[in-house]
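*Asks:* Could you have a look at this structure, given as structure tokens, before my questions?
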Amino acid sequence: MAHLGPVAWPPHPIKTQRLVLRESEARDRAGLIELFSSPEAGTYVGGAQSREELERTAPETPGQRAGFFVVEVDGAMIGMITFDRRDAEHPGHISPDAGEAELGYMFLPHAWGRGYATEACAAALQWFTGALPGEPVVLCTQTANGPSMRVAAKLGFTEAARFEEYGAEQWFGVWSAATGAT
């Protein structure tokens with residue numbers, strides 16, 4: 001995936017009722033390694049990565065780029081949200097040139113089931129609307145990932161396509177500020 005592109009970064013931390021979305025800091029390295037090496041968190045994104053490999057290769061401050069938000073609750077990192085450009089090689093596009101802004105998110109398993117993903121993604125989409133007004137956002141998730149499908153629906157994503165990729169059926173949705181439910 002290509003990075004989001006030229007936007008004012010980093011933004012001021014975004015505060016919701018329970019969460020803070022902010023740029024990555026060195027203190028987030030251990031939490032991000034835990035997230036990417038978690039078998040549960042990796043279930044629908046190609047599996048967990050090797051903790052040993054991540055410890056060896058992760059930069060001191062992972063995720064230092066525009067569109068990468070760390071999500072924290074009570075000062076602790078519980079997940080991340082990303083905006084990247086969807087590669088043309090992947091199926092699912094709303095533009096013939098591809099490169100749509102794609103929302104991604106992952107949370108540590110202990111943070112699941114509390115509405116954090118919906119709350120954090122809604123705040124991130126609001127930021128996106130200010131950073132790149134009028135630009136739609138796409139999201140792709142496995143249809144088997146019920147919780148992610150529910151988050152997409154709550155955020156106001158509408159189905160644009162379904163296709164087979166990575167050996168599983170994928171749901172591809174689109175959101176715009178005009179139709180989103182954030």
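*Asks:* Put +1 on the Cβ of each Lys and Arg and -1 on the Cβ of each Asp and Glu in the chain; which of 121, 104, 54 then has its Cα farthest toward the positive end of the dipole?
*Replies:* Selected residue: 121.
*Asks:* Now for a different question. Sort the chain into rounded, prolate or oblate with this rule: let a ≥ b ≥ c be the square roots of the eigenvalues of the Cα gyration tensor; rounded if a/c is under 1.5, and if a/c is not under 1.5, prolate when a/b is larger than b/c, oblate otherwise.
*Replies:* Judged from the Cα gyration tensor, the chain comes out rounded (a/c under 1.5).
*Asks:* Could you provide, to the nearest whole Å², the per residue accessible area of the chain with probe 1.4 Å? Before the final figure, lay out each step's value.
*Replies:* Details: 9000 Å² over 182 residues.
The answer is 49 Å² per residue.
*Asks:* Oh, and also: Apply the Karplus parameterisation 6.51 cos²θ - 1.76 cosθ + 1.60, with θ equal to phi minus 60°, to every residue of region 17-29 and state each ³J(HN,Hα) to the nearest whole Hz, in sequence, with x for glycine and proline.
*Replies:* Rounded to whole hertz, the list is 4, 10, 10, 10, 10, 8, 6, 5, 10, 4, 5, 8, 3.
*Asks:* Right, here's the next one. Pull out a ≥ b ≥ c, the square roots of the eigenvalues of the alpha-carbon gyration tensor of region 64-116, then state rounded if a/c is under 1.5, prolate if not and a/b is larger than b/c, and oblate in the remaining case. List each step's numbers first, then the result.
*Replies:* On the way: a/c = 3.85, a/b = 2.25, b/c = 1.71.
Taking the square roots of the gyration eigenvalues as a ≥ b ≥ c, region 64-116 is prolate.
*Asks:* So if I take the centroid of the Cα atoms in region 1-20 and the same for region 47-70, what is the distance between those two points in Å?
*Replies:* Centre-to-centre distance over Cα atoms comes out at 17 Å.
*Asks:* Can you give the net charge of the other residues whose Cβ lies under 14 Å from the Cβ of residue 68, counting K and R as +1 and D and E as -1?
*Replies:* Working: positive: 22, 29, 65, 85; negative: 23, 25, 28, 72, 84, 102.
Computed value for this residue: -2.
*Asks:* Also, quick follow-up: For region 1-77, with all protein chains present and a 1.4 Å probe, just round the carbon and sulfur fraction of the accessible area to a whole percent. Before the final figure, lay out the partial values.
*Replies:* On the way: 2290 of 4430 Å².
Of the solvent-accessible surface of region 1-77, carbon and sulfur hold 52 percent.
*Asks:* What chymotrypsin sites (Phe, Trp or Tyr not before Pro) does region 48-129 have in DSSP loop regions with at most 16 other beta carbons within 10 Å? Can you show the working numbers first?
*Replies:* Values: sites: 68, 69, 83, 105, 107, 112, 116, 127, 128; in loops: 112.
Sites meeting the loop and neighbour criteria: 112.
*Asks:* Where the eigenvalues come from the Cα gyration tensor of region 50-140, what are the semi-axes √(5λ) of the equivalent ellipsoid, largest first, in whole Å? Before the final figure, lay out each step's value.
*Replies:* On the way: eigenvalues 120, 67, 33 Å².
That gives 24, 18, 13 Å for the three semi-axes.
*Asks:* Over the chain, what is the relative contact order in whole percent, taking alpha-carbon pairs under 8 Å and six or more residues apart?
*Replies:* Details: 320 pairs, mean separation 35.8, N = 182.
Taking the mean separation of contacting Cα pairs over the length of the chain, I get 20 percent.
*Asks:* Taking the mean number of other Cβ atoms within 10 Å as a proxy for protection, how do you rank 50-61, 131-142 from highest to lowest? Write out the running numbers ahead of the final one.
*Replies:* Details: 50-61: 11.8, 131-142: 17.9.
Result, highest mean Cβ count within 10 Å first: 131-142, 50-61.
*Asks:* Compute, for the chain, the length of the dipole vector about the Cα centre, with Cβ point charges of +1 (Lys, Arg) and -1 (Asp, Glu) only. Units Debye, rounded to 20. Mind showing how you got there, number by number?
*Replies:* Details: 14 positive and 23 negative charges, 116 e Å.
Rounded to the nearest 20 debye, it is 560 debye.
*Asks:* Oh, and also: Which residues' amide hydrogens lie under 5 Å from the amide hydrogen of residue 16, considering only partners 5 or more residues apart or on another chain, with H built in the peptide plane?
*Replies:* 21
The values are calculated or read from the model by the stated rules, or taken from the named source; none is laboratory data. This structure is a prediction, so every number in the text was calculated from the model and none was measured. Here Cβ is always computed from backbone atoms with ideal geometry, including for glycine, and neighbour counts include all displayed protein chains. Just so you know, the surface numbers come from the protein's heavy atoms only, side chains and all, with ligands and any DNA or RNA stripped out. Shrake-Rupley method; radii C 1.70, N 1.55, O 1.52, S 1.80 Å.
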